[in-house]
Amino acid sequence: MQRRFIAFLICLLPLVAAAEPKVYERRLDNGLKVLVKPDHRAPILTSQLWYRIGSSYEYGGITGVSHVLEHMMFQGTESHPPGEFSRIVAENGGEENAFTGRDFTAYYQNLAKDRLEISFKLESDRMRHLALADKEFTKELEVVKEERRMRTDDDPQSLTYERFNAVAFDASPYGNPVIGWPGDLEQLQLADLSDWYRLWYAPNNATLVVAGDVDPEQVFSLAETYFGPLAAEEIRPPKTRSEPAQHGEKRLEVKAPAKESYLLMGYKTPAVADAAEDWEPYALEILSSVLDGGDSSRFARELVRGDQIAASAGASYSVFQRLPGLFLFDGVPAKGHGVADLEAALRAQIERVRSEPVSAAELERVRNQVVAAKVYEQDSLFYQAMMLGQLESIGLDWRLSETYVDALAAVTPEQVQTVAKKYLTPDRLTVAVLDPQPLDGKQPVRPSLGIGGQTHVR
């Protein structure tokens, strides 16, 4: 049955691709790239503007500036006072927000199909005409500081994850938190944001993506009208410090008020942009699903329900990143077990995928789940646009979105074992342990955002 199902999905992919209109692309004279993906199933659209700027572009002293600037983008322009942007979108029945990641900052509006011009008018205005005022800056900076206290300083797992990244990466800017270090936020100035905005918020550093019930030529015409007159900026790509080879396992302990211990492990791994072989990142993603791909995965079946060593255990890997990242494991030990027991159990699972090929039947089941999930994600207009914008923002071709599912479906048991043996090695490993300290009754108990949470939403 499983063989027939995955065969059906793979055969279905060309039909899905044929049924879905293609992506239309145009670049304006000022350098703005515009991508349009028509989807006429409902009279709605999503309009997303992606800037190639995020925390991995920041340097010591101004970490967090990209995220603070994202907040300021809602605080008024020369022609729209603070709050006007959101009010207009809401009055037109839409929703809007933004998010900052390591490699990008993105702004979006979800609207009815006949409201696209409103989005373009507002978004083009704040691309080059933001009113950066001291009063709004002071207020928003305090909002970000409070966000940091709530989401990181008062969340023991998030705090562990932040310190873990700082130790795992010696040179890569992925060692810095998206929200910024506390000391840098304290000394951040409005002039820092003004310089950052002028340099990076330019049409030649952005990708505009529209998906939904739209006509491509009308979208291009509107883009030319509203974004075409905006001046380009002379942008010099930043020099990126390459992460040096690691020569041995790293370990750290984080002491913080918490109810329970927490374990975090990460192995340095490539992404699509820098992998030695094109198939390796896709094999790593399948490997993460073998270990943590739902209730039937190995971690859930053997560590949580079977041996009951873990209250929770997870694996995470990102195929698409601008720079090399980490294959992550995390977990909370079950009652009656310590963090050392959980680490030993995770290491045993890792050694198993290194020494034994995944069976054909297990891999087929995992591929069924992964491929089906990716196919079904196409039902979301937002996801379709997000995939295009993310790929372009990290320097990859948006056409990778069209081959992504095929690449996952083609992964073999031998390839899964090969990447496990090659990358899940002690010399690439960093381990962090949260040592829970007594709660004083003041710390709020907050749900963890999960590993890999390197995006902050306004």
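The values are calculated or read from the model by the stated rules, or taken from the named source; none is laboratory data. Remember, predicted model here, so these are calculated numbers, not experimental data. Cβ: placed from backbone, ideal geometry, glycine included. Neighbour counts: every protein chain shown.
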Qualifying position, being touching a helix residue (DSSP H, G or I) at 6+ places or on another chain (Cβ under 7 Å), part of a helix (DSSP H, G or I) and not assigned by TED's automatic domain parsing to the domain that holds Arg52, among Ala385, Ala372, Ala348: Ala372
Residue pairs meeting the criteria (Cβ under 8 Å; at least 6 apart or on separate chains; first free of Cβ contacts under 8 Å to residues at least 12 places away in the same chain, in the stretch 68-88; second of a type in the set (A, V, I, L, M, F, W, C) and in a loop (DSSP other than H, G, I, E, B)): Gly83/Phe74
Flag for Leu199 being in contact with a Gly (Cβ under 8 Å, 6 or more places away or on another chain), under 20 Å from Glu140 (Cβ atoms) and of a type in the set (A, V, I, L, M, F, W, C): no
Residue check, Thr100 among the hydroxyl-bearing types (Ser, Thr, Tyr), modelled with pLDDT of 95 or more, assigned to a strand (DSSP E or B) and buried (at least 20 other Cβ atoms within 10 Å of the Cβ): yes
Set Gln369, Gln390: member being out of contact with any Lys or Arg (no Cβ under 9 Å at 6 or more places or on another chain), in contact (Cβ under 8 Å) with a residue 24 or more places away in the chain and closer than 22 Å to Asn110 by Cβ: Gln390
Failed item in (1) within 30 Å of Asp39 (Cα to Cα); (2) modelled with pLDDT of 95 or more, with Glu84 passing the rest: (2)
Conditions (1) in contact (Cβ under 8 Å) with a residue 60 or more places away in the chain; (2) under 21 Å from Pro324 (Cα atoms); (3) not in a helix (DSSP H, G or I): number failed by Pro357: (2)
In the stretch 115-140, residue nearest to Ser79 (Cα to Cα) [restricted to those that are polar (S, T, N, Q) and buried (at least 17 other Cβ atoms within 10 Å of the Cβ)]: Ser124
Residue check for Ser288: hydroxyl-bearing (Ser, Thr, Tyr), crowded, with 18+ Cβ neighbours inside 10 Å and without any contact (Cβ under 8 Å) to a residue 40 or more places away in the chain: yes
Selection from the stretch 42-57 of residues that are buried (at least 24 other Cβ atoms within 10 Å of the Cβ) and more than 27 Å from Arg115 (Cα to Cα): Ile53, Gly54, Ser55
Residue identified as out of contact with any Phe, Trp or Tyr (no Cβ under 9 Å at 6 or more places or on another chain), surrounded by 13 or more Cβ atoms within 10 Å (Cβ to Cβ) and part of a helix (DSSP H, G or I) among Leu222, Leu199: Leu199
